[in-house]
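Some notes on the structure that comes next.
The values are calculated or read from the model by the stated rules, or taken from the named source; none is laboratory data. All figures in this text were calculated on a predicted structure; none of them were measured in a lab. FYI the Cβ positions are ideal-geometry reconstructions off the backbone, even for glycines, and counts take in every protein chain you see.
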Amino acid sequence: MTSRRGLIGCGLAALAMAGAARAEDGGAPHAMQRLPPDPTPRAQALDTPALKGNSLARGFKQPPAGLAVPKVKIEQASGTRDLRFQPGLTLVSLWAPWCAPCLRELKDFAEVHQAYDGKRFRILPVLTGPKTEITLGEAQALLGKVGAGGLEAVIDRSPGSRALYEALTEHLLPTGSVGRNLPCNLLVDSDGRVLGRQFGASLDLSLKPDQTPTPEMMANARTKWASAEGAALLGALQRGEIAKA
């Protein structure tokens with residue numbers, strides 16, 4: 001069996017790659033893969049005039065009808081408790097130690113979250129679906145190693161720490177197969193209902209139409225959460241400016 005240290009090391013070593021990561025139940029982590037275009041319609045909640053041209057907002061897709069965050073226990077520095085949501089909106093970012101794009105994205109969330117977290121909006125990364133048991137201290141240390149130490153470690157403490165991963169990350173791929181991918185970002189209301197869902201770390205690459213990104217460009221790219229589009233989307237969420245159903 002692959003050790004916890006080995007899994008974390010693999011994730012760190014693969015940070016230069018982009019897209020989404022997938023791990024099949026019971027197996028070793030898959031190599032990083034770039035997701036094909038998702039034919040699912042855009043999330044209705046983010047289909048607003050202000051966000052019409054925002055590619056990051058456009059990446060959030062309409063979730064399956066009735067999709068909601070299941071009742072689970074989470075562990076954080078203050079203890080273990082039921083996962084509940086504050087009034088307003090929460091951007092839940094599901095991640096795992098074996099997911100290299102997750103680690104890249106968390107670094108940018110750590111940089112921007114304090115500017116947007118408030119009484120009616122917050123960014124909440126939650127570790128779920130680890131390949132081996134992980135302690136809160138180990139999770140916090142990993143966040144520090146990837147430059148995301150400003151985020152508080154929060155762990156899904158359902159059996160095997162897999163309830164959120166299994167309930168929320170499954171989706172239909174354009175190939176017709178069903179898969180689970182991380183990172184998975186969820187726009188959630190105060191009742192735990194999922195209003196929009198995004199897979200993969202969206203990189204902020206300024207490329208010409210015929211330009212292919214080099215490995216160096218990929219390694220140094222930030223995610224769109226640290227871009228002007230990210231600021232526009234997070235600002236809209238902070239102000240509660242979403243389309244009502």
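Every condition in (1) surrounded by 20 or more Cβ atoms within 10 Å (Cβ to Cβ); (2) at pLDDT 95 or above is met by R104 except one, and the failing one is (2). Of all residues in the range 52-80, those that are closer than 16 Å to L94 by Cβ have Cβ atoms under 6 Å from Cβ atoms of residues that are of a type in the set (S, T, N, Q), 6 or more apart or on another chain, in G59/Q198; G59/S202; F60/Q198; K61/T40; V72/S158; K73/T80.
So that you can scan it fast, the table gives a plain yes or no per residue for (1) touching a Leu at 6+ places or on another chain (Cβ under 9 Å); (2) at pLDDT 95 or above:
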site	(1), (2)
K71	yes, yes
Q86	no, no
L127	yes, yes
A141	no, yes
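Within the range 132-188, the set of residues being within 16 Å of the chain's Cα centre (by Cα), in a helix (DSSP H, G or I) and surrounded by fewer than 19 Cβ atoms within 10 Å (Cβ to Cβ) comprises E166, A167. Within the option set F121, F60, F109, being modelled with pLDDT of 95 or more, more than 17 Å from I155 (Cβ to Cβ) and under 13 Å from the mean Cα position of the chain (by Cα) holds for one residue only, F60. In the range 131-140, which residues are in contact with a Ser or Thr (Cβ under 9 Å, 6 or more places away or on another chain) and more than 13 Å from V154 (Cβ to Cβ)? The answer is K131, T132, E133. Of all residues in the range 36-54, those satisfying the criterion of being assigned to a loop (DSSP other than H, G, I, E, B) and at pLDDT 95 or above are A43, D47, T48, N54. Assess whether K131 counts as being closer than 17 Å to R180 by Cα, among the basic types (K, R) and touching a strand residue (DSSP E or B) at 6+ places or on another chain (Cβ under 7 Å). Criteria met by K131.
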